[in-house]
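Trainee: Provided herewith is a single structure, encoded as structure tokens, for subsequent inquiry.
Values quoted throughout were computed directly from the atomic coordinates according to the rules given, and no laboratory measurement underlies them. A quick note: this is a predicted structure, and the numbers were derived from the prediction, not measured. Cβ placement follows ideal geometry from the backbone for every residue including glycine, while neighbour counts extend to all protein chains displayed.
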Amino acid sequence: MKDTDFRVTNLEAPDCAQHCPCEHADPGRRLTLRAFAGAALVAGAGVTPLPAAARPAVGDLLVADDVEKDPVAVKASEVQAGKPMLVYPFDPGSKQIRNDSKLNKIVLVRVEESDLDADSKARAAGGVLAFSVVCTHQNCEAKTWVAADKALVCFCHASKFSVLEAGRVLAGPAPRGLPMLPLKLQGDQLAVAAPFTTPPGGAT
Amino acid sequence: MSRILKALGAALLSAPMAGTLAAPGPYAPVTDARLQKPEPGNWLMYRGNYAGWGYSSLDKINSGNVGKLQLAWAFATGQGDGHQAPPIVNNGYMFVSTPGAQVIALDAKTGEQLWRYKKELPADLVQVHPTNRGVALYGDKVYVATVDAHLVALDAKTGKVVWSKPVGDWKAIQYMTLAPLAVKGKILVGSSGGETGVRGFIAALDAETGNEVWRTYTVPAPNEPGGDTWPGETYKNGGASVWITGTYDPETNLAYWGTGNPAPWQSELRKGDNLYSTSAIALDVDTGKIKGHHQYHWNDAWDWDEVSSPILIDTEIKGKKTKTAVHAGRNGYLWVLERTSDKINFVDAWPFIYNNVITGVDKKTGRVSYDESKRPGMTKAVKFCPSLWGGKDWPPEAYNPQTGLFYIPANNHLCAELPKADPATPYKKGDLYIGYPLDGVLGSLRFGEKPPETIGELQAWDLKTGKQVWTHKFPTVIWAPLLTTAGKLVFTGGANDRMFRAFDATSGKVLWEAATPSGVTGVPTSFEIDGEQYIAVQSGWGVDAERMQAGMDSLGRKTFVPQGGTVLVYKLGK
């Protein structure tokens with residue numbers, strides 16, 4: 001372990017869709033822009049972004065976070081009330097699990113869709129909402145369910161995020177809400193409908 | 001262009017040149033001889049000397065004139081979270097580290113920035129404790145241990161990186177928060193991570209090259225001495241992490257370190273003493289070999305990390321001259337140990353705050369006995385005192401050879417309730433390895449029988465007699481690193497009222513106080529330039545002080561403490 005730089009596996013493509021004025025553009029165009037931005041970075045940095053570290057793409061399915069290979073897609077019915085479930089996205093074609101960056105880790109929460117505002121309702125599928133589990137303060141995991149507040153709480157510094165209000169900060173040092181990952185149903189499986197609503201991760 | 005504008009333009013162009021080139025003069029390399037006998041005017045390491053006293057022999061600022069102390073200069077770090085590092089000073093150069101593994105070099109007299117180093121941290125780095133507790137100086141370099149588990153050597157004059165070496169795996173949430181210990185051509189560091197299932201270690205790197213010279217695990221393998229105190233494979237994720245700089249005795253060449261809690265927290269899953277968790281250990285600096293140890297409490301179940309290193313004091317104990325190693329424990333006992341060339345012997349221990357778990361201390365061995373009904377675990381919720389943060393957490397005590405007193409920044413009358421622990425769950429790299437429901441841990445703080453009127457206590461103890469000489473009580477909890485001086489003063493902040501204070505070291509009377517921009521949990525230091533004495537400290541609330549305040553908030557004692565770091569330097573007004 002002496003001269004290894006542990007950071008070499010951490011290279012990431014920027015997520016253009018989060019920064020371009022193309023939030024509501026058609027998915028095809030968004031993907032193109034994304035690929036273009038990724039290519040620009042590659043040219044500049046002289047490295048290839050690892051698909052396992054690339055951000056979730058539209059159409060990705062979800063797999064339990066402890067699965068290393070042969071991913072089996074999570075079904076909406078597997079997400080139980082009051083029990084947040086941790087997943088990573090995977091590419092259904094290549095079966096590549098995007099678990100090489102913690103910033104891709106997602107927490108699924110079962111909700112009553114009637115409790116949601118319009119934005120959140122549009123991002124829910126099968127009664128399930130998806131958030132980046134990575135706290136926007138210091139990258140720890142906001143995965144503890146607090147039933148009284150219908151909130152997710154971070155294990156490091158106790159930032160609290162409202163699940164019914166699109167991940168808004170209720171308490172703690174987090175500077176902004178948890179990014180959401182819009183979902184859709186493919187049969188009974190949960191799939192990614194759009195990129196993260198805001199970039200995941202906090203200050204380092 | 002008018003002449004005025006031209007003149008202004010010329011002034012603007014020339015000003016930065018003059019500004020950036022002004023430096024306090026040639027840099028004085030830091031040698032072993034200087035570290036063993038630091039000049040009174042400098043503050044060359046974490047606690048000022050190898051013995052860990054937190055003592056300055058400067059006395060121009062003293063109990064007679066400290067009321068005239070005024071701000072000499074202040075410098076905003078631009079960082080949030082816990083600013084705990086001491087301003088370290090070598091012949092006019094000041095080095096301050098901040099959260100986010102930054103090092104700022106300043107002209108100690110003026111506060112002008114000489115250079116700034118920012119470590120580029122991984123985008124998905126998890127920072128459980130966003131803080132840094134200071135740099136080490138050796139030769140012409142400055143050393144900083146980082147939250148992504150690197151040791152970085154910087155050129156003291158320019159801030160340029162000389163080398164940067166990984167000493168742990170940040171993806172496993174190994175991270176470093178301590179000031180490194182520079183001794184005999186080596187830089188010694190250890191890794192935090194008792195809550196993430198690391199196997200604690202202390203490593204020595206060559207000061208010149210960064211090559212690892214030795215690495216000693218604080219949790220022995222089954223074939224090593226103490227290995228039989230861990231069942232099966234549990235030692236592999238046994239914790240006993242290292243948070244705070246060791247002390248050093250040049251006479252025996254032994255470095256003394258404190259170790260953290262064993263992991264996971266459920267003590268049923270690792271039956272045995274779990275050496276060398278919650279212990280003091282003495283390591284040979286040349287080889288890393290563990291020469292002696294004393295475990296403050298065995299098979300910990302209360303998260304009472306004994307993180308601070310014992311303080312080395314040669315004094316009389318019960319009429320007998322003793323080379324001691326003294327430690328105010330998170331378990332609430334004040335430990336007086338004897339250091340020899342190949343052992344740490346128990347001398348005496350007594351409680352300095354309320355503890356209802358420990359029922360006795362064996363007079364000969366120092367082994368504690370427990371009220372086992374106060375042991376949290378996997379069968380039921382349990383309430384116990386003191387709280388998870390204990391009687392004294394990491395903030396360092398201080399020893400003043402002028403007063404002969406030992407000062408402790410304590411928290412008293414606080415308890416905790418842990419819920420029933422989780423069933424055994426396997427270790428998972430990059431995740432917490434605690435074993436309790438998180439909301440239960442975060443919400444564990446409790447009062448005792450009734451809400452106490454005071455909690456924080458600055459205590460002064462006479463080690464010769466074992467008597468408490470004075471105590472200053474605070475209405476709230478404190479996170480209060482101490483500085484004591486030959487001017488018969490104790491300086492500290494620590495409370496949530498943003499104050500930085502000077503106490504009479506003999507009587508405990510508050511002699512001076514000043515409000516700061518945030519809360520002060522930084523280690524104060526003192527130094528001298530051109531015959532003038534200065535007191536320096538960082539203000540910047542965060543980390544566990546903030547967590548514990550959140551616990552107090554939930555108990556109904558709400559206080560808002562703003563965040564943001566400032567280096568503050570004081571001197572006497574005319």
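Trainee: Would you point out which residue out of B:Pro409, B:Pro395, B:Pro481 is buried (at least 23 other Cβ atoms within 10 Å of the Cβ), part of a strand (DSSP E or B) and in contact (Cβ under 8 Å) with a residue 40 or more places away in the chain?
Mentor: Being buried (at least 23 other Cβ atoms within 10 Å of the Cβ), part of a strand (DSSP E or B) and in contact (Cβ under 8 Å) with a residue 40 or more places away in the chain holds for just one of B:Pro409, B:Pro395, B:Pro481, which is B:Pro409.
Trainee: How about the range B:445-478: which of its residues are over 26 Å from B:Leu312 (Cβ atoms), aliphatic (A, V, I, L, M) and not in a strand (DSSP E or B)?
Mentor: B:Ile455, B:Val477
Trainee: State yes or no: is B:Glu195 buried (at least 22 other Cβ atoms within 10 Å of the Cβ) and within 14 Å of chain A (Cβ to nearest Cβ)? First the steps, then the outcome.
Mentor: On the way: buried (at least 22 other Cβ atoms within 10 Å of the Cβ): yes; within 14 Å of chain A (Cβ to nearest Cβ): yes.
Criteria met by B:Glu195.
Trainee: Are any residues in the range B:115-138 crowded, with 20+ Cβ neighbours inside 10 Å and assigned to a strand (DSSP E or B), and if so, which ones?
Mentor: B:Tyr117, B:Thr131, B:Asn132, B:Ala136, B:Leu137, B:Tyr138
Trainee: Looking at the range B:198-221, which of the residues that are under 19 Å from B:Ala153 (Cα atoms) and away from every other protein chain (no Cβ under 14 Å) is surrounded by the fewest Cβ atoms within 10 Å (Cβ to Cβ)?
Mentor: Result: B:Glu208.
Trainee: I'm trying to understand the selection: among the residues of the range B:534-565, which are assigned to a strand (DSSP E or B) and on the phi > 0 side of the Ramachandran plot?
Mentor: none
Trainee: Test of understanding: among A:Ala174, A:Ala194, which residue is within 14 Å of another protein chain (Cβ to nearest Cβ) and in a loop (DSSP other than H, G, I, E, B)?
Mentor: The unique qualifying residue is A:Ala174.
Residue-wise test of (1) assigned to a helix (DSSP H, G or I); (2) within 14 Å of chain B (Cβ to nearest Cβ); (3) touching a Cys at 6+ places or on another chain (Cβ under 6 Å); (4) free of Cβ contacts under 8 Å to residues at least 24 places away in the same chain.
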{"position": "A:Pro71", "(1), (2), (3), (4)": "no, no, no, no"}
{"position": "A:Gly82", "(1), (2), (3), (4)": "no, yes, no, no"}
{"position": "A:Tyr88", "(1), (2), (3), (4)": "no, yes, no, no"}
{"position": "A:Pro92", "(1), (2), (3), (4)": "no, no, no, no"}
{"position": "A:Lys95", "(1), (2), (3), (4)": "no, no, no, no"}
{"position": "A:Asn99", "(1), (2), (3), (4)": "no, yes, no, no"}
{"position": "A:Val107", "(1), (2), (3), (4)": "no, yes, no, no"}
{"position": "A:Ser120", "(1), (2), (3), (4)": "yes, no, no, no"}
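Trainee: Against the conditions (1) of a type in the set (A, V, I, L, M, F, W, C); (2) surrounded by fewer than 20 Cβ atoms within 10 Å (Cβ to Cβ); (3) in contact (Cβ under 8 Å) with a residue 24 or more places away in the chain, where does A:Ala174 fall short? Just the number, please.
Mentor: (2)
Trainee: Taking the criterion of being over 17 Å from B:Asn400 (Cα atoms), within 14 Å of another protein chain (Cβ to nearest Cβ) and of a type in the set (A, V, I, L, M), would at least one residue in the range B:470-479 satisfy it?
Mentor: The answer is no, given that none of the residues of the range B:470-479 is over 17 Å from B:Asn400 (Cα atoms), within 14 Å of another protein chain (Cβ to nearest Cβ) and of a type in the set (A, V, I, L, M).
Trainee: Provide a single number: the residues in the range B:251-265 that are touching a strand residue (DSSP E or B) at 6+ places or on another chain (Cβ under 6 Å), hydroxyl-bearing (Ser, Thr, Tyr) and either surrounded by fewer than 24 Cβ atoms within 10 Å (Cβ to Cβ) or not in a strand (DSSP E or B) (or both).
Mentor: Total meeting the criteria: 1.
Trainee: Could I ask something else about it? Please work out which residue is farthest from B:Gly542 (Cα to Cα), limiting yourself to the range B:494-510 and to residues that are part of a loop (DSSP other than H, G, I, E, B) and in contact with a Lys or Arg (Cβ under 7 Å, 6 or more places away or on another chain).
Mentor: My answer is B:Thr506.
Trainee: Please go through the range B:111-136 and give me each residue that is under 23 Å from the mean Cα position of the chain (by Cα), more than 28 Å from B:Val183 (Cα to Cα) and among the hydrophobic types (A, V, I, L, M, F, W, C), ordered by number.
Mentor: Within the range B:111-136, B:Leu125, B:Val126, B:Val128 meet the criteria.
Trainee: Does A:Pro200 satisfy the criteria of being within 13 Å of chain B (Cβ to nearest Cβ), closer than 21 Å to B:Asp124 by Cα and assigned to a loop (DSSP other than H, G, I, E, B)?
Mentor: When the stated conditions are applied, A:Pro200 passes them.
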